[in-house]
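The values are calculated or read from the model by the stated rules, or taken from the named source; none is laboratory data. Given the structure is predicted, the values throughout are model-derived calculations rather than measurements. As a convention, Cβ positions derive from the backbone with ideal geometry for all residues, glycine included, and neighbour counts pool all protein chains shown. With ligands, DNA and RNA removed, areas are computed over all heavy atoms of the protein, side chains included. Shrake-Rupley method; radii C 1.70, N 1.55, O 1.52, S 1.80 Å.
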Amino acid sequence: MKSQYVSLWLLGAVLVLCSVHTRGLRRCLISMDMHHIEESFQEIKRAIQAKDTFQNVTILSTSETLQSIKPLDACCVTKNLLAFYVDRVFKDHQELNPQILRKISSIANSFLYMQKTLQRCQEQRRCHCRQEATNATRIVHDNYDQLEVRSAAVKSLGELDVFLAWIGKNHQDTSAAW
């Protein structure tokens, strides 16, 4: 009888540990004030979107790329899209207005911080990149490449709220940490 309880206890402990391990693979916590990033974007959104000459084209939203991402791939896609914004969009965008440039720089710095944190998660093997995640990122890059560089950068900056909302939706149980 006693061995039966011990066996059940061990089985329960293994299930709890597996559950915690699986959750850890999906989530890499980042101590970041997403509200501040969203606020910075809202302050420049109208000015950025006014420069968008391709109103009927989208880079992030129409492909439904982000909506089809499974929770297991959220870390990888987030890491890849942060890199996309840091390495391409922020570098390709040319802004003359110093106030808007400051806000964009603030967002870029926040993205760099999140990117570094997710890179550490990947190094610790807690942020796996499956083929679906790689495909989703490639679609975004392909959409970007279809436009002239400056237009693509403006378009991507104008759609930043789509990416921020997706982060919020996919990490809502860690809203304070994201």
Efficiency of FRET from Cβ geometry, Y113 and L72, R₀ 22 Å, rounded to 0.05: 0.40
- request: Report the net charge of residues surrounding N56, where surrounding means a beta-carbon distance below 14 angstrom and charges are Lys +1, Arg +1, Asp -1, Glu -1.
  value: -1
query: In nm, to one decimal, how far is the R46 label point from the Q124 one, both placed 7 Å along Cα→Cβ?
result: 4.2
query: What nm distance separates the two modelled labels at F54 and V162, each placed 7 Å from Cα along Cα→Cβ?
result: 1.1
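Tell me which GluC sites (Glu not before Pro) from region 81-178 have a DSSP coil assignment and no more than 13 other beta carbons within 10 Å of their own. Intermediate results must be reported in sequence, preceding the final value.
Details: sites: E95, E123, E132, E148, E159; in loops: E95, E148, E159.
Sparse-neighbourhood loop GluC sites (Glu not before Pro): E148.
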field: Apportionment of accessible area to carbon and sulfur, region 96-178, percent (1.4 Å)
entry: 51
field: Subset of K91/K169; K51/K116; K45/K70; K103/K155; K51/K91; K51/K79 violating a 25 Å alpha-carbon distance limit
entry: K91/K169; K51/K116; K45/K70; K51/K79
Accessible area of region 27-137 divided out per residue, in Å², using a probe of 1.4 angstrom: 55
